[in-house]
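One structure is given here, and the rest of the page talks about it.
We did not get these values from a lab; they are worked out from the coordinates using the rules stated. The structure displayed is predicted, hence computed values, not measured ones. Here the Cβ is made from the backbone with ideal geometry for all residues, glycine too, and neighbour counts use every protein chain on show.
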Amino acid sequence: MRHGKKFNHLGRKVGHRRALLKNLAIALIVHKRINTTLAKAKALRVYVEPLITKGKTNTTHSRRVVFSYLQNKYAVTELFSTVAEKVGDRPGGYCRIIKTGHRKGDAAEMAMIELVDFNDVYKNTSSASSSGKTRRSRRKGGAKAAAAATTVSSSEEE
């Protein structure tokens, strides 16, 4: 039975799971994008998003709390400088998980997890379109109306 099971245990004991999530979190913070299985990516998102929220307040206490989870000075420095600068105004949802298919060896479902603000491809297009005026066209009668207008104008000339 699964009563009270709040998170995926990933088939590991507690110490192994903590070490796995710590290493994945360090890799995500340092590289901004990693490829892993879908189950590990979902577990990592739950693990790393509170750490990124802590990274937005640069105090000694929050640095020590994050360091107790990561145990890596370089990752903590990167989190509190580069990552916190980019996600400062975002109220949450710092990670994006994109499914990338199945692994050939064991058919495990693979995914790419990345920090949202560090992707140049998926920039927020709504702000760009709202600043400029967009042209909207209707399908109904567009070509027919233009053709009818030309025939009417040509018949008036005769």
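When each of the peptides 38-49, 4-15 is scored by the mean number of other C-beta atoms lying within 10 Å of its residues, the order from highest to lowest reads 38-49, 4-15. Computed extension length for ALA107-VAL14: 30.9 nm, one decimal, from 0.36 nm per residue of separation with the Cα-Cα distance subtracted. Dipole orientation for the range 14-124: of the candidates ALA19, GLY93, LEU51, ALA19 has the Cα lying most toward the positive pole (charges on Cβ; Lys, Arg +1; Asp, Glu -1). Separation of the alpha carbons by more than 29 angstrom is noted, of LYS54/LYS104; LYS73/LYS104; LYS13/LYS54, for LYS54/LYS104; LYS73/LYS104. Here SER68, SER137 are placed in order of increasing Cβ neighbour count within 10 Å, fewest first, which gives SER137, SER68. Which FRET efficiency value, to the nearest 0.05, do you get for ASN35 and THR59 by plugging their Cβ-Cβ distance into 1/(1 + (r/R0)^6) with R0 = 41 Å? According to the calculation, E is roughly 0.75. Each 10 Å bin from zero holds the following percent of Cα-Cα pairs in the range 1-94: 15, 49, 29, 7, 0. Between the range 16-68 and the range 99-117, the C-alpha centres lie 18 angstrom from each other.
Between ARG90 and ALA27, full extension at 0.36 nm per residue minus the direct alpha carbon distance yields a gain of 20.5 nm.
Shape class of the range 64-125 from the Cα gyration tensor (axes a ≥ b ≥ c, square roots of the eigenvalues): oblate, since a/c reaches 1.5 or more and a/b does not exceed b/c.
Dipole magnitude for the range 14-124: about 280 debye, using +1 per Lys or Arg Cβ and -1 per Asp or Glu Cβ, origin at the Cα centre.
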